[in-house]
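Each remark here refers to the structure printed beneath this line.
The values are calculated or read from the model by the stated rules, or taken from the named source; none is laboratory data. Bear in mind that the values here come from a model prediction, so they are computed numbers and not experimental data. A quick note on method: Cβ atoms are made from the backbone with ideal geometry, for glycine too, and the neighbour counts reach across all protein chains shown.
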Amino acid sequence: MIVAEDTGRGSSPAASGIYKVAVVDDHAIVRSGIGILLQNLLGDDALVLEAGSIAEAVVVFEENPDVALALLDLSLPDATGLEGLHLLRKRFPDLPLVIISANEDCKLMLEAYRAGVLGFIPKTSNSKITLSALRLVIAGGQYLPVAAMSTLNTRPVDDFEEIEFRRDAAISEKEEREPARWERQLSARQMDVLRLMIQGKPNKEIARDLGLSVGTVKNHVAVVLRALDANNRSKAVMMALLAGVEP
C-alpha cells in the first residue's frame, strides 16, 4: 500500500550511476532469489550487495555509504524481531530500509512502519507482488500489506493532496486478480498518463512529457481514477503497480 508517494528520498542511482541495494538475510538462497528480482527490476544499473547478519551488514554499509536501499530479514543469527532494525536505524539513521520477513503479524508490521521502514514485504508474497512493492518503494513510495494497512490509523500525505486513509480504500484481493477489468476502460493515452503518475509526476510535467494541455491531463487523470475506482492518486498508483503496470 502507498502511505506516501514522496518520502523526500531520491530514487536515482548513486553518483556513479549504480543503484546499490543490500540484501540482509542469513539464507544464501533467499539472498540470491531477491537479487535476481532486483536485477530484473533495475537491470544493469543494479549492484546487489549481500550480508548474512547484522554484523556483516554494518560492514557493508560502512564500506558503501551510497547504498540506496536495504532489504532486511527479521530473523538473523545476531538479531531477532525488530532488534536488528533498531540497531541499523541507530547506526545509519538515513539508510532506506525495507523488511522482508516470514513473520506476518500485523502488529509487528505496524511497529516496523512506525520505526521508519519504507516497506514490509511478507516472504509468502508471490514474485509479482514483491516486484510491485519494490518498484513502489524505489519510485519513492511506501508499501504495507492490505491486512496491516487497513488497521493503520494515520493520515497519509502525498505531493498532490492530503488524504485520510479509510478501510474501504484498501485494494481487495479480487481487485488484485482482475486488472483487465479496468485496463480495458483506458485508452492508450490514458495508460501513458497512468505510467507517468506511477513515476510521481504532477500534471504539469505529464502535460509537458506528452505534449498535452494541463486541462486534458486533468481529464485523463479523472478517467483513470474512475476506472480504478480510486478516490485519490495514491490508491490508483498502488493498484496499478500491484496489477503489474510498468512505470
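Any residue at all in segment 55-68 that is within 17 Å of the chain's Cα centre (by Cα), modelled with pLDDT of 85 or more and surrounded by 17 or more Cβ atoms within 10 Å (Cβ to Cβ)? Yes, that holds for at least one residue.
One line per residue, one yes/no per condition, for (1) more than 15 Å from residue 116 (Cα to Cα); (2) at pLDDT 95 or above; (3) out of contact with any strand residue (DSSP E or B) (no Cβ under 8 Å at 6 or more places or on another chain); (4) in the same structural domain as residue 123 (by TED's automatic domain parsing):
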site	(1), (2), (3), (4)
40	yes, no, yes, yes
46	yes, no, no, yes
87	no, no, no, yes
90	no, no, yes, yes
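If you take the residues in segment 193-228 that are closer than 13 Å to residue 240 by Cα and in contact with a Leu (Cβ under 6 Å, 6 or more places away or on another chain), which one is surrounded by the fewest Cβ atoms within 10 Å (Cβ to Cβ)? Ranking the candidates gives 227 first.
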